Amino acid sequence: MTTQEVRVHYVSAWGQPSREAMFTFGDTVMEVFKWSHETTEEGVNLYATCGASRRQMGDTESRHRVEFATGLLPDEDRITSALALLGTFPLSGRTISYGESVTLGDPLWPDTSMQSFLTVRPMEDLLPDLQVSDHGYVQFMNVVPMFESELRLRNGRSAEWLMGELNDHDVSWWDPRRKPLAY
């Protein structure tokens, strides 16, 4: 039931998705929805998983579940398969927290050398947590595509520090064609 509740939550916040994609990884099905930047107030094209929340993360008392969302402008629909793969991590028992990076090993889409997602707290509420029917909740984690050199630059510092560096150097982290932050 959780995936249907997530879908309804997305639609109530952003309207009907402009595109939907479905991916199958063995027995696991993951959906990724897209909302065009013209139809939301976020100013970017939104991509979000639906299915990662089928399993709770951590101990059974927490009832904490997650879904992942990112924003890109211009759009880059080829990110959907990498985002879907990220969505399978909680289903395999991996707990993902804010500030953590997840490297997939292959480019997030063709024609980029970005291979990682960085989980960051949104600067403003992108989407509120969702209370679900099993008395748990779904948290919607914002993920940012990253170059490996940027993650190395972080060198033990926080995700917030790295995002601040991107902003201080006028790097548009939402631009899929961007160059890596360089010093």
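The values are calculated or read from the model by the stated rules, or taken from the named source; none is laboratory data. None of the values given here were measured: they were computed from a predicted structure. Positions of Cβ are backbone-derived with ideal geometry, glycine not excepted, and every protein chain shown enters the neighbour counts.
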query = Restricting attention to the stretch 114-123, does a residue exist that is touching a residue at least 40 places away in the same chain (Cβ under 8 Å), touching a Cys at 6+ places or on another chain (Cβ under 7 Å) and either farther than 27 Å from Ser36 by Cα or not in a helix (DSSP H, G or I) (or both)?
reply = no
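Here are Glu148, Glu100: which of them is surrounded by fewer than 17 Cβ atoms within 10 Å (Cβ to Cβ), of a type in the set (Asp, Glu), touching a strand residue (DSSP E or B) at 6+ places or on another chain (Cβ under 6 Å) and over 23 Å from Ala21 (Cα atoms)?
Working: Glu148 fails: touching a strand residue (DSSP E or B) at 6+ places or on another chain (Cβ under 6 Å).
The unique qualifying residue is Glu100.
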ask   = In the stretch 133-183, how many residues are in a loop (DSSP other than H, G, I, E, B), closer than 30 Å to Arg63 by Cα and free of Cβ contacts under 8 Å to residues at least 24 places away in the same chain?
value = 2
key: Cβ pairs under 6 Å, 6+ apart, first in the stretch 22-44 and closer than 22 Å to Pro90 by Cβ, second among the charged types (D, E, K, R)   = Met22/Glu31; Phe33/Glu20; Lys34/Arg19
ask   = Of the residues that make up the stretch 86-107, is at least one modelled with pLDDT of 95 or more, within 12 Å of the chain's Cα centre (by Cα), assigned to a helix (DSSP H, G or I) and not hydroxyl-bearing (Ser, Thr, Tyr)?
value = yes
inquiry  = Checking Leu73 against (1) over 23 Å from Phe147 (Cβ atoms); (2) more than 12 Å from the chain's Cα centre (by Cα); (3) aliphatic (A, V, I, L, M), only one condition comes out false. Which one?
reply    = (1)
